[in-house]
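Below is one structure, written out as structure tokens; comments come after it.
The values are calculated or read from the model by the stated rules, or taken from the named source; none is laboratory data. Not measured: the values here are computed from a predicted model. As a convention, Cβ positions derive from the backbone with ideal geometry for all residues, glycine included, and neighbour counts pool all protein chains shown. Surface areas here come from the heavy atoms of the whole protein model, side chains and all, with no ligands, DNA or RNA. Shrake-Rupley method; radii C 1.70, N 1.55, O 1.52, S 1.80 Å.
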Amino acid sequence: MISLLLGFVFMLIFSSFWSSTYILFIFLTVISLVFMQQNFLMSLNWLFLGNQLSMLMVFLSIFLCLLSLVSTPSQKSNRYILCLIMLGFILTMAFSSNNILSFYVFFEASLIPTLMLIICWGYQPERLQAGSYMMLYTVSASLPLLFLILNHSFNMSSLNILVLSNLENPIYSDIFILFLYGAFLVKLPMYSVHLWLPKAHVEAPLAGSMILAGILLKLGGFGLFLMNKCFDLVTKSYVMMILMSLSIWGSFLACLMCLRQTDMKALVAYSSVAHMGLVVVGVLSNQQWGLASAIIMMFAHGVTSSAMFCMTYFTYEKVNTRSMFYLKGLLQLYPILSYFWFIFCCVNMAAPPTLNLISELLIVPCLWNISLYMILVMGLLVFFSACYNMYLYTSLNHGFFSSYCLPAKNMKSFEILSLILHGLPLLLLLKSEFFIMILLEF
């Protein structure tokens with residue numbers, strides 16, 4: 001296996017861009033087919049997770065890594081392609097690992113290719129500050145997690161996730177729960193520890209923004225699922241209630257922050273914070289409705305946010321600015337691009353019949369069981385989510401175009417292909433029973 005992987009990397013280094021893309025597509029397709037098999041051998045079950053959630057995240061990782069290559073054909077350097085391949089491989093191993101320590105190793109290793117993408121292919125000199133923010137926030141929060149995992153595995157005499165989930169665990173204190181969840185809440189991120197995310201998004205290249213919003217944030221949500229599976233945590237503790245309250249109120253405040261943004265990329269980044277707050281509430285509630293909402297929100301937001309960052313990049317290439325003060329009247333200049341803006345803004349605001357709407361409806365019974373006040377905050381959150389998406393669409397597409405916007409560059413074929421491919425999973429899984437199969441495992 002190691003020799004096969006080294007030979008694959010050798011072929012990528014000494015091949016052209018499109019041949020590298022084809023080789024990557026074939027290699028990752030084979031990996032996905034292997035991981036998506038339901039009839040695992042018992043020996044493989046001890047090495048890889050075989051549940052539906054893990055396979056869904058593996059599919060999302062491979063799919064968005066391929067779309068990031070399709071969306072950036074101008075980046076033809078082998079180092080760029082190799083960095084994306086490393087990131088896709090690390091994420092695949094993190095989502096499919098059945099060893100809690102190896103999951104932590106791949107969880108932390110995913111920061112290295114992401115940091116390389118931001119620093120090497122970022123736009124402005126501030127990318128160094130954005131990279132340092134990301135590393136300081138995530139590494140400092142995840143260091144206590146390593147000691148907690150080692151201590152718990154030593155007491156349980158096992159590192160296997162399947163074994164830990166079936167053992168009777170001791171009751172842990174609130175401080176233990178706070179440090180255990182801290183690394184994943186920063187990664188999601190939860191409001192109040194989210195400052196690294198807008199900086200990283202604004203300075204990252206297109207592929208970095210797509211993978212950061214589409215996959216790496218979901219790694220934090222997947223980690224919360226694993227912690228609930230390996231540790232018997234009290235869901236009605238004070239720390240849990242504080243974290244869920246902070247998440248739902250933080251999502252509401254993030255929606256208000258979106259309304260005052262002038263950079264369209266920063267607006268999309270803050271909308272990710274608003275959506276991930278609902279994922280935190282759904283997972284920490286540890287109820288079936290909440291888990292269903294979190295799973296659907298993770299997948300739907302992964303595809304939608306990646307598409308939104310694609311459209312911001314394609315709009316920036318046409319006009320050479322991200323400021324919404326200069327972006328007016330795109331509907332007259334680029335009607336196809338405006339059409340995709342309308343579609344994905346509707347999906348992002350959870351208009352029916354999208355997966356985002358299903359996830360927001362499923363979390364309402366969960367909030368009803370926790371606190372009635374949270375339903376009121378949820379209603380305000382949904383309203384202002386529609387407001388900032390309408391504000392984004394109307395600011396860019398309506399009105400008379402300024403002298404800075406000229407119809408000089410038409411929509412290219414790879415841009416249209418990338419946006420169409422982003423919408424396909426939302427259509428295919430809308431009437432699928434895949435999410436019902438995931439719920440049966442919980």
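Observations, loosely collected:
- In region 251-262, the residues that are buried (at least 18 other Cβ atoms within 10 Å of the Cβ) and outside any helix (DSSP H, G or I): Q261
- Count - residues of region 321-336 that are closer than 30 Å to E203 by Cβ, in a helix (DSSP H, G or I) and either in contact with a helix residue (DSSP H, G or I) (Cβ under 6 Å, 6 or more places away or on another chain) or modelled with pLDDT under 85 (or both): 3
- A350 being open to solvent by less than 20 Å² (accessible area, probe 1.4 Å) and at pLDDT below 90: yes
- Among (1) open to solvent by 10 Å² or more (accessible area, probe 1.4 Å); (2) touching a residue at least 24 places away in the same chain (Cβ under 8 Å); (3) part of a helix (DSSP H, G or I), the one test that I248 misses: (1)
Per-residue answers, yes or no, for (1) touching a residue at least 40 places away in the same chain (Cβ under 8 Å); (2) among the aliphatic types (A, V, I, L, M); (3) under 17 Å from S271 (Cα atoms); (4) surrounded by fewer than 24 Cβ atoms within 10 Å (Cβ to Cβ):
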| site | (1), (2), (3), (4) |
| --- | --- |
| H152 | yes, no, no, yes |
| L164 | yes, yes, no, yes |
| P189 | yes, no, yes, no |
| K199 | yes, no, yes, yes |
| G214 | yes, no, yes, no |
| K229 | yes, no, no, yes |
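- Test for G223: is it farther than 27 Å from V70 by Cβ and of a type outside the set (A, V, I, L, M, F, W, C): yes
- Condition check for F184: without any contact (Cβ under 8 Å) to a residue 40 or more places away in the chain and closer than 24 Å to V239 by Cα: no
- Residue count for region 59-103, restricted to those that are open to solvent by 40 Å² or more (accessible area, probe 1.4 Å) and of a type in the set (G, A, S): 2.
Quick grid of which residues meet (1) within 25 Å of the chain's Cα centre (by Cα); (2) in contact (Cβ under 8 Å) with a residue 60 or more places away in the chain; (3) part of a helix (DSSP H, G or I):
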{"position": "G379", "(1), (2), (3)": "yes, no, yes"}
{"position": "Y388", "(1), (2), (3)": "yes, yes, yes"}
{"position": "F400", "(1), (2), (3)": "no, yes, no"}
{"position": "L419", "(1), (2), (3)": "yes, yes, yes"}
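- Scan region 122-147 for residues that are assigned to a helix (DSSP H, G or I) and open to solvent by 30 Å² or more (accessible area, probe 1.4 Å) and the total you get is 14.
- Region 193-235 holds helices (runs of 4 or more DSSP H) entirely within its bounds, and those carrying 1 or more residues that are closer than 29 Å to I175 by Cα, modelled with pLDDT of 85 or more and within 15 Å of the chain's Cα centre (by Cα) map to 196-203, 217-230.
- Residue check for S157: without any contact (Cβ under 8 Å) to a residue 24 or more places away in the chain, surrounded by fewer than 20 Cβ atoms within 10 Å (Cβ to Cβ) and within 17 Å of S110 (Cα to Cα): no
- Criterion applied to F314, F384 was being closer than 30 Å to Y123 by Cα, hydrophobic (A, V, I, L, M, F, W, C) and within 23 Å of the chain's Cα centre (by Cα), and the one residue passing it is F314.
- Any hit, region 74-85, residues being within 18 Å of the chain's Cα centre (by Cα), closer than 30 Å to L178 by Cβ, part of a helix (DSSP H, G or I) and not β-branched (V, I, T): no
- Of the residues M241, M297, the single one that is under 30 Å from F414 (Cα atoms), in a helix (DSSP H, G or I) and among the hydrophobic types (A, V, I, L, M, F, W, C) is M297.
- Number of residues in region 86-103 that are part of a helix (DSSP H, G or I), more than 18 Å from the chain's Cα centre (by Cα) and not small (G, A, S) equals 2.
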